[in-house]
Amino acid sequence: MPIQHTLVSQFLRAHRDALQPEDVGLPRSAGRRVCGLRREEVASLACISLEYYLRLEQGIGGYPSDRVVTSLAQALLLDDDEVDYLRRIVRQQARVVRAPVMSELVDAGVSDVINQWEGSPAIVLDRNQDVVAANSLARELGGGSFDPGQNRVLATFSVPPRHRRPQWEATARSVVAALRFHGDADDLRMQRIVGKLWGSSSDFRRIWALQDARAQSAGSVECYIETFGRVDFRCQFLAVPGISHHVVMVLFADPGSVAGDTIELVGARKGADYGEDSGAGALSSRYEKYPQAALA
């Protein structure tokens, strides 16, 4: 069975199972044992035949029209990102699997821009969430995790359970949903990421089975910084126009917060290393607030 047919059937089943009759205005019959909606209920809500819907869930229904996709989206209460993802996977034709491309070329203009953001850590990610570029401040803060070639999904699930903080679950769901939304199931690199985690992480298998597909727009990133320990940064994702499917992840913090002080201190250290007076002055003022940093 072609990969895309499998993706469509899995997506439909997962979202059907996630809904209850009350969610779509249907009465709950006495003694109901079905987990989620029945197939005939979805077919009726989408105004398509039960036989056709069964074929779609079995992966043998061909490629549904835009009208059918719209009807299914309304029946399953899909949001905009989920509808976009469903449209993409039903339109993709079976094709030759491509070799993985780890070191995609980054647009020179994008590289120039992030390198000029001296006070803003910035990382360029591809559709598989491989790091393809990062400015010097991001690399300093990341301690290796933002170096080109690293992968956010693999890094997230490499954190041992005993070291996970309360926000780990939300972060893990976000990176997995983004991988599914942006990724190409025919890309060998994506297949290797999913395959590796499927075989090694029960948490990944659980989250992947949710069939969430969502573009990342904002969130938080945790870094371990010498002197400060674990620090949570806010982040914003900016799509790069064109065919590269790259996004720029920019880290930032509220003024006066520990994360904000960390960015200033690490940036000041970097400036002082290059003999910049402004960097040395900022570093001196930060050492007054964090004297332990002077020993790091």
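The values are calculated or read from the model by the stated rules, or taken from the named source; none is laboratory data. Owing to the predicted nature of the structure, the values given are computational and were not obtained by experimental measurement. Every residue, glycine as well, gets a Cβ built from its backbone with ideal geometry; the counts of neighbours run over all protein chains shown.
Worth a mention:
- Within region 116-165, the set of residues being over 17 Å from VAL266 (Cα atoms) and of a type in the set (Val, Ile, Thr) comprises VAL124, VAL131, VAL132, VAL153, THR156, VAL159.
- Residues of region 106-161 satisfying the condition of being free of Cβ contacts under 8 Å to residues at least 24 places away in the same chain and either under 18 Å from SER220 (Cα atoms) or assigned to a loop (DSSP other than H, G, I, E, B) (or both): VAL131, ALA134, ASN135, ARG139, GLY144, ASP147, GLN150, ALA155, THR156, SER158, VAL159, PRO160
- Boolean, ASP186 is surrounded by 16 or more Cβ atoms within 10 Å (Cβ to Cβ) and more than 15 Å from the chain's Cα centre (by Cα): yes
- Going through (1) modelled with pLDDT of 90 or more; (2) over 24 Å from ALA215 (Cα atoms) one by one, LEU12 falls short only on (2).
A quick yes/no check of all residues on (1) more than 30 Å from SER136 (Cα to Cα); (2) touching a Pro at 6+ places or on another chain (Cβ under 7 Å); (3) modelled with pLDDT under 90:
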residue: GLN4; (1), (2), (3): yes, no, yes
residue: ARG16; (1), (2), (3): yes, no, no
residue: VAL34; (1), (2), (3): yes, no, yes
residue: GLY62; (1), (2), (3): yes, no, yes
residue: LEU76; (1), (2), (3): yes, no, no
residue: LEU86; (1), (2), (3): yes, no, no
residue: ILE114; (1), (2), (3): no, no, no
residue: GLU118; (1), (2), (3): no, no, yes
